[in-house]
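Notes follow once the structure below has been shown.
Read-outs throughout are calculated quantities, based only on the coordinates presented, and are distinct from any laboratory measurement. Remember, predicted model here, so these are calculated numbers, not experimental data. FYI the Cβ positions are ideal-geometry reconstructions off the backbone, even for glycines, and counts take in every protein chain you see.
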Amino acid sequence: MASTSQQTATAGTDQSGEVEQFDAIIIGAGVTGLYSLYRLRELGLSVKSFDDGSGIGGTWFWNRYPGCRFDSESYSYGYSFSEELLQEWDWKEHYSAQPDTERYLNYVADKFDLRKHIRLNSRVVSAVFDENESLWQVEMEDGHRARGQFLITSIGILSASYIPDFEGIHSFKGPWTHPGKWPKEGMDLAGKRVGVIGTGATGVQLITEIAKEVGHLTVFQRTANFCAPLRNGPIDDETQKKIKASYPEIFKKCAETNGSFMHQFDTRSAMAVSPEERLEQYERLWLEGGFAKWLSNFYDVMVPGEANEDYAEFFRNKIRERVNDPVIAEMLVPKDHMFGSKRLPCESGYYEVYNQDNVSLIDVRKAPIERITPKGVKTTDAEYELDVIIYATGYDAVTGSLNKIDIHGIGDEILKEKFAGGPRTYMGVQSAGFPNLFTINAASVGNFVRAAEPLVDWVSEAICYVRDNNFKRISPTPEAEDTWTKHVSEAGANILRSQADSWFVGANIPGKARVLLTAPDTAPQMRAKRDAVAANGYEGFILE
Ligand code: N01
């Protein structure tokens, strides 16, 4: 990052002592919020982050459910900005578990002295743009207020938990929760009759783990998923040394791949090689860790068509091999969506759980959940008596967390209303009529930290550009926003992850507009687009 801010940082309370003043306000102290805080402070801005958690870490603070861990290689997920940090931190496992990741983020906050710039237990309820002063004023649930020229929403793309509006939900006598709101003190599930609704990436991790201790587990599945073995394990000392010596290559590789993961597609078509060679590659990837089976395969397994179906059938057979009861196996075999059109959950013994006597699988596509009763879950077929219910029913992705904040821009325009038909942004980072508001959460997909770091760098440079050139505001032109929104909708319509009914397109939330919620472009394409815009004096943006 070249520029530094020439203006003097301002911080503190105003004369009335009621409203804290900063150059920039960040909402969120998770992965993106912490790095935004670090970066902007290094550039000389006064900055404060507000987070509703009682601890830092965002996603990694809230998601304390048993089994929660990375699906991307730990060493590809950590921050890359500090060589010292890279060399100091030892990842314990190839795919880090939540407690270790939370520890890592706390370590980062302490190492870079970020904690004093973070106010916890601070749920931001509104953000209003003061047109006369060109400042954002945010207000918290407890009435605390702060003002700043720039507002950055680092609130995650999957942080607004979603529980379907089941009739009778509050009548249930036992404890119930969403995994994203797992109680800090934990939940006592040992020997209990536990019901889990939902078999996405979260449900799959959770089910596998709790099946070890519950008395009886009833899994309510609406859609079977393609799930792949994670193949996690501890990192031994020698591997640790190798990892630390190869960070430049790890990050270089991530920078070259579509989703910023360590896996690169094979440029060959699956159908161009012999069936034996194809199967040999499928089997080899099956034994590799994490997303290799998804993202290192023949390129056309990720394109609707023959190769995709061929690989899907390979997956289906792997599931059939692992489940003893053929009827249950068929219930677990996905047949209604293409491989890769939903996010691939990674697992460590998920399918074998259904061979246990204490686990039942209920098909709620066939017999939907009718209501929650005081005793448990009632489907159109039967009532299942439970002591605990866990709703692993997903998230109102991307816009859900923004919609929880009452954001008012120029002319009192309300962001939630503007985004009712889907996000209207320029490159995911800004929306016309909401100057100096950077919606970082609406822009990235893929290996999260790898996508977030360059994005935060770009936003920080844009902020410096505004300040260094004595502008007060930056916001996209309506034309740039229209063109981008059309691009997302048109290019997004053809890609694989738009084809299934999932959070990628908002289809998991009743009534939500169906539109791709993130950019359809690859990570290298997005970085190149943003860099070109900056190099051309922030083309497509109005600087006032
Ligand atoms: O949520 P989901 P998730 N009745 O939306 C079911 C990330 N993540 O929390 O498929 C019955 O995928 C729903 O059924 P269906 C990752 O990006 C990362 O699991 O809609 N069932 C589905 O089975 C992931 O993609 C990690 O038919 C209902 C489930 O609930 C994202 O989080 C780990 C229902 C929701 O699945 C979200 O995953 C975990 C209803 N009315 C998650 N409504 C890492 O590795 C919903 N369902 C870092």
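Observations
- Counting only DSSP beta bridges whose two residues both lie in the chain, roughly 40 percent are antiparallel.
- Solution diffusion estimate, µm²/s, Stokes-Einstein, region 181-340, Kirkwood Rh from C-alpha pairs, 4 °C, viscosity 1.567 mPa s: 71 µm²/s
- Efficiency of FRET between Glu83 and Glu238 - r from beta-carbon atoms, R0 25 angstrom, step 0.05: 0.75
- Residues of type lysines that Lys318 reaches as a straight line, Cα spacing below 17 Å, ignoring anything fewer than 8 places off in the same chain: Lys293, Lys335
- Qualifying aspartates and glutamates (Cα of each under 16 Å from Cα of Lys244; at least 8 residues distant if same chain): Glu73, Glu83, Glu84, Glu88, Asp90, Glu93, Asp236
- Aspartates and glutamates with Cα under 16 Å of Lys181, excluding same-chain neighbours fewer than 8 positions away: Asp51, Asp52, Glu102, Asp396
- Gap separating the Cα centres of region 117-133 and region 493-544, nearest whole Å: 26 Å
- Rounded, prolate or oblate (a/c below 1.5 giving rounded, otherwise prolate when a/b exceeds b/c) for region 355-489 by Cα gyration tensor: prolate
- Using the Stokes-Einstein relation with a Kirkwood hydrodynamic radius computed over Cα pairs, the translational diffusion coefficient of region 421-544 at 37 °C and a viscosity of 0.692 mPa s comes to 219 µm²/s.
- Summed over all non-identical Cα pairs, the Kirkwood treatment of the chain gives a radius of 24.5 Å.
- Rounded Å value of the spacing that divides the Cα centres of region 379-403 and region 218-243: 24 Å
- Remark on region 391-469: Rg and Dmax equal 13.9, 50 Å (Cα only).
- Radius, Kirkwood style, for region 177-217 when every pair of distinct Cα atoms is counted (Å): 10.6 Å
- The Cβ shell under 13 Å around Tyr395 holds other residues with a net charge of +3, Lys and Arg each +1, Asp and Glu each -1.
- Cβ-defined net charge surrounding Gly446, 14 Å radius [Lys, Arg +1; Asp, Glu -1]: 0
- Restricting the calculation to alpha carbons of region 432-492 gives Rg and Dmax of 13.3, 37 angstrom.
- Per residue of the chain, the DSSP helices (runs of n ≥ 4 H) give a summed -39500 (n - 2.57) that works out to -9000 deg cm²/dmol at 222 nm.
- Cross-link table Lys253/Lys342; Lys253/Lys529; Lys173/Lys404; Lys111/Lys418; Lys92/Lys173, entries beyond 31 Å C-alpha to C-alpha: Lys111/Lys418; Lys92/Lys173
- Region 303-329 versus region 137-164: alpha-carbon centroid distance in Å: 42 Å
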